[in-house]
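> Just passing along the structure, written as structure tokens.
The values are calculated or read from the model by the stated rules, or taken from the named source; none is laboratory data. These figures come from a predicted structure and were not determined experimentally. Heads up, the Cβs are rebuilt from the backbone with ideal geometry, glycines too, and the neighbour counts pull from every protein chain shown.
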Amino acid sequence: MAERADLGLRKSAVLHAVVEAYVRTGEPVGSETIAEHAGLGVSSATIRNEMAALEELGYLRHPHTSAGRIPTDAGYRHYVDTLPAHGRLRDAQRRAIATHFEEAILDLEEVLKGSVLLLSRLTQYAGLAVPPGASDEQLVRLELIDMGPTLMVLAIGQHGRVDKQILDRPDEIGAPAVAAAERKLRTLQGSTYVDSQARLLQMAAGVSSDEHDLLLMVADVLRLATRGERAAHVVVGGASNLADETQAWRRETLRRLFETLEREQEMLSVLQDVAADDVSVTIGAEHPTTGEWEASIVTAPFRSGEATVGTIGIVGPTRMDYLSAMASVRAVAERLSGIATELDQ
């Protein structure tokens, strides 16, 4: 980014004005518009020269059918990199976030589902989240519940994750075997899902056949919880907002984005690629997939203490209100960090 840091004050101000005008209107921006509304104190001719220079440097481009110019990915990047580190939320956004988290229950997965919808409402883009994966999550409860003809395995993770499965009870397994297996499960509190699977297999090797079968059944429930759809996955909310942005995207580009949102593992891979230690903005061709969509992704991690446990963010067109999007994502991530930390204590 170093070569983009020396535009000088006037070129940078003109670029900022073009980006903000284009985000606001969706129309290519002419020098007269900037001269009239941006308050730069220079003539339309001077602004026209600066815009021509910015085009030559690769920050603006000239649509064939218009005399105005629009930002390139590099133009958006320079704009984002020179925004204040902590943008301010609008009052309505602040109230919406406060209300959402005042009403949130202490189940992180459920809070995340609400949070992606909240971000979608705040930004009018699609909200995205990657919840904590089960593999490294500690168990706060692991129970085998006798329900007569069936058995229920109940696992509750430290971040409010709940996995439960009803299993047919083999005829030969009596109440004493269930009670004995239940006592062994209590010793696994505080172990991770993966470690608990390994310990259950070890326990099963040294007990009666009835207990052996029960412990293997529980181990299988934990194994399934860390595989497939219940493992690392993406929560998406408000994708319908993207359909309202058809003027910002070609139909084919929008179709590819929707297809990727439906292919969860591909979307997860993109979010893992763009993750960072703070609010991160990926613009268009800075990533192969977002380049294909002509989209931008704004994400932030949420933490329990110092440990990152998940990701929250939004995806939308490159013609995005970056300042508002970044402030909203940061604020929601900070609230999620508070809940995750509380759940771990």
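> Kindly indicate which of Arg88, Arg121 is of a type in the set (Lys, Arg), outside any helix (DSSP H, G or I) and in contact (Cβ under 8 Å) with a residue 12 or more places away in the chain.
Arg88
> Suppose we filter Ala327, Ala231, Ala248 for residues that are in contact with a Gly (Cβ under 7 Å, 6 or more places away or on another chain), at pLDDT below 85 and closer than 30 Å to Gln158 by Cα; which single one remains?
Ala231
> Kindly indicate whether Asp210 is under 20 Å from Thr318 (Cβ atoms) and over 19 Å from the mean Cα position of the chain (by Cα).
no
> Moving on to the next point. Of the numbered conditions (1) within 22 Å of the chain's Cα centre (by Cα); (2) surrounded by 12 or more Cβ atoms within 10 Å (Cβ to Cβ), Pro170 satisfies every one except a single condition; which is it?
Result: Pro170 fails condition (1) only.
> Determine the pairs where a residue that is closer than 17 Å to Arg186 by Cβ, located within the range 207-224, has a partner that is among the aromatic types (Phe, Trp, Tyr) with Cβ atoms under 6 Å apart, the partner being 6 or more residues away or on another chain.
Filtered contacts from the range 207-224: Leu222/Tyr193.
> Give the residue, chosen from Gly87, Gly41, Gly58, Gly68, that is at positive phi and modelled with pLDDT under 90.
Gly41
> How many residues does the range 170-197 contain that are in contact with a Ser or Thr (Cβ under 9 Å, 6 or more places away or on another chain) and either under 17 Å from Arg141 (Cβ atoms) or of a type outside the set (Asp, Glu) (or both)?
Of the residues in the range 170-197, 8 are in contact with a Ser or Thr (Cβ under 9 Å, 6 or more places away or on another chain) and either under 17 Å from Arg141 (Cβ atoms) or of a type outside the set (Asp, Glu) (or both).
> Also: Which residues, counting only those in the range 99-110, are touching a Lys or Arg at 6+ places or on another chain (Cβ under 9 Å) and among the hydrophobic types (A, V, I, L, M, F, W, C)?
Listed by number, the residues that qualify are Phe101, Ala104, Leu108.
> Taking Leu7 as meeting all but one of (1) more than 25 Å from Gly316 (Cβ to Cβ); (2) touching a Phe, Trp or Tyr at 6+ places or on another chain (Cβ under 6 Å); (3) not basic (Lys, Arg), write down the number of the exception.
(2)
> Could you give me the residue pairs with C-beta distances under 6 Å whose first residue belongs to the range 18-37 and is over 19 Å from Val80 (Cα atoms), whose second residue is of a type in the set (D, E, K, R) and assigned to a helix (DSSP H, G or I) wherever it lies, and which are 6+ apart or on separate chains?
Pairs that qualify, where the first residue is over 19 Å from Val80 (Cα atoms) and the partner is of a type in the set (D, E, K, R) and assigned to a helix (DSSP H, G or I), are Ser31/Arg48.
> While we're on this one: Quick check on my filter: what residues within the range 44-103 are surrounded by 15 or more Cβ atoms within 10 Å (Cβ to Cβ) and among the hydroxyl-bearing types (Ser, Thr, Tyr)?
Matches in the range 44-103: Thr46, Tyr59, Thr72, Tyr76, Tyr79.
> I've got another one for you. Considering Ala198, Ala155, Ala177, which residue is outside the structural domain of Ser304 (by TED's automatic domain parsing), surrounded by 18 or more Cβ atoms within 10 Å (Cβ to Cβ) and under 40 Å from the mean Cα position of the chain (by Cα)?
Ala155
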